[in-house]
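Trainee: Have a look at the structure that comes next, please.
The values are calculated or read from the model by the stated rules, or taken from the named source; none is laboratory data. Being a predicted model, the structure only gives us computed values, none of them experimental. As a convention, Cβ positions derive from the backbone with ideal geometry for all residues, glycine included, and neighbour counts pool all protein chains shown.
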């Protein structure tokens with residue numbers, strides 16, 4: 001596919017027309033190829049001259065594309081040798097361990113549990129607000145469909161070693177979480193689940209629904225994904241007995257995460 005050096009490309013994504021400059025298109029194509037494994041970790045990428053020929057662009061256009069990929073942590077350069085795919089470890093999400101009471105007792109919420117296991121530095125930006133529960137949230141929480149229900153929303157952007165790797169939005173009934181530490185940005189040691197148990201909601205089990213889909217524009221921007229590159233969505237419901245006390249919508253780049261489930265055979 002040739003891209004004119006001074007041509008912007010129009011693409012439609014999720015019904016929205018997106019105009020892309022040539023260097024953005026080149027970065028997207030290389031990013032996609034790295035994600036598919038065309039170029040593996042530590043492997044050398046085509047030279048600047050080869051990329052200029054392939055895409056029909058000037059050297060600076062190729063340089064702009066590579067600078068973008070380097071800023072995303074996907075590639076690195078070695079003087080005199082060229083560009084190489086960065087060695088990036090996948091983030092392993094071990095479902096059984098991360099949700100255990102033992103982890104909460106150690107003062108770790110689920111994301112901190114992943115960080116401890118993977119030996120990377122976590123950081124979380126949190127926005128807390130209240131809103132009326134939409135239909136799917138009411139359904140997951142077992143709230144009456146013919147009534148209005150206020151929920152506490154915990155909207156998080158989660159980083160591993162400075163890179164955004166997950167977006168998570170939790171909804172808790174306001175009658176449970178309102179006026180408690182669950183309505184603060186920092187829920188304290190053990191995270192939200194530890195606070196729920198302190199309020200008397202002893203967690204008994206969780207359900208998770210895992211699916212893959214195309215990212216929405218905001219997700220693609222925050223996770224630094226090319227348009228159309230898939231994300232994993234995990235919807236988890238936390239139960240105290242028969243009562244659903246939280247539903248959490250998690251979105252993560254499909255190329256970064258490994259979801260590991262241990263299932264008893266008995």
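Trainee: The conditions are (1) at pLDDT 95 or above; (2) surrounded by 19 or more Cβ atoms within 10 Å (Cβ to Cβ); (3) farther than 22 Å from residue 92 by Cβ, and residue 220 fails exactly one of them. Which is it?
Mentor: (1)
Trainee: Of the numbered conditions (1) under 13 Å from residue 255 (Cβ atoms); (2) in contact (Cβ under 8 Å) with a residue 40 or more places away in the chain, residue 37 fails exactly one; give the number of that condition.
Mentor: Of everything listed in (1) under 13 Å from residue 255 (Cβ atoms); (2) in contact (Cβ under 8 Å) with a residue 40 or more places away in the chain, residue 37 misses just condition (2).
Trainee: Next question. Among the residues of region 211-224, is any touching a helix residue (DSSP H, G or I) at 6+ places or on another chain (Cβ under 7 Å) and farther than 16 Å from residue 137 by Cβ?
Mentor: Kept after step one, since they are touching a helix residue (DSSP H, G or I) at 6+ places or on another chain (Cβ under 7 Å), are these residues of region 211-224: none.
Checking region 211-224: not a single residue is touching a helix residue (DSSP H, G or I) at 6+ places or on another chain (Cβ under 7 Å) and farther than 16 Å from residue 137 by Cβ.
Trainee: I would also like to ask the following. Would you mind finding the one in 79, 117 that is in the same structural domain as residue 204 (by TED's automatic domain parsing) and surrounded by fewer than 19 Cβ atoms within 10 Å (Cβ to Cβ)? Can you show your working first?
Mentor: Numbers: 79 fails: in the same structural domain as residue 204 (by TED's automatic domain parsing).
Testing whether each residue is in the same structural domain as residue 204 (by TED's automatic domain parsing) and surrounded by fewer than 19 Cβ atoms within 10 Å (Cβ to Cβ) leaves just 117.
Trainee: Going by the structure shown, is residue 179 modelled with pLDDT of 95 or more, surrounded by fewer than 18 Cβ atoms within 10 Å (Cβ to Cβ), in the same structural domain as residue 237 (by TED's automatic domain parsing) and within 22 Å of residue 241 (Cα to Cα)? First the steps, then the outcome.
Mentor: Working: modelled with pLDDT of 95 or more: yes; surrounded by fewer than 18 Cβ atoms within 10 Å (Cβ to Cβ): yes; in the same structural domain as residue 237 (by TED's automatic domain parsing): yes; within 22 Å of residue 241 (Cα to Cα): no.
So residue 179 does not fit the description; no.
Trainee: Counting only residues that are closer than 24 Å to residue 94 by Cβ and either outside any helix (DSSP H, G or I) or free of Cβ contacts under 8 Å to residues at least 40 places away in the same chain (or both), how many does region 181-200 have? Steps first, please.
Mentor: Step one: filter region 181-200 for residues closer than 24 Å to residue 94 by Cβ, giving 187-197.
The next check asks that each one be either outside any helix (DSSP H, G or I) or free of Cβ contacts under 8 Å to residues at least 40 places away in the same chain (or both); those that pass are 187-190, 195.
Selection size over region 181-200: 5.
Trainee: Related question: If I go through region 26-74 residue by residue, how many of them are touching a strand residue (DSSP E or B) at 6+ places or on another chain (Cβ under 8 Å), in a helix (DSSP H, G or I) and modelled with pLDDT under 90?
Mentor: Total satisfying the criteria: 4.
Trainee: Sticking with this one: Can you report the number of residues in region 149-173 which are at pLDDT 95 or above and surrounded by fewer than 20 Cβ atoms within 10 Å (Cβ to Cβ)?
Mentor: 7
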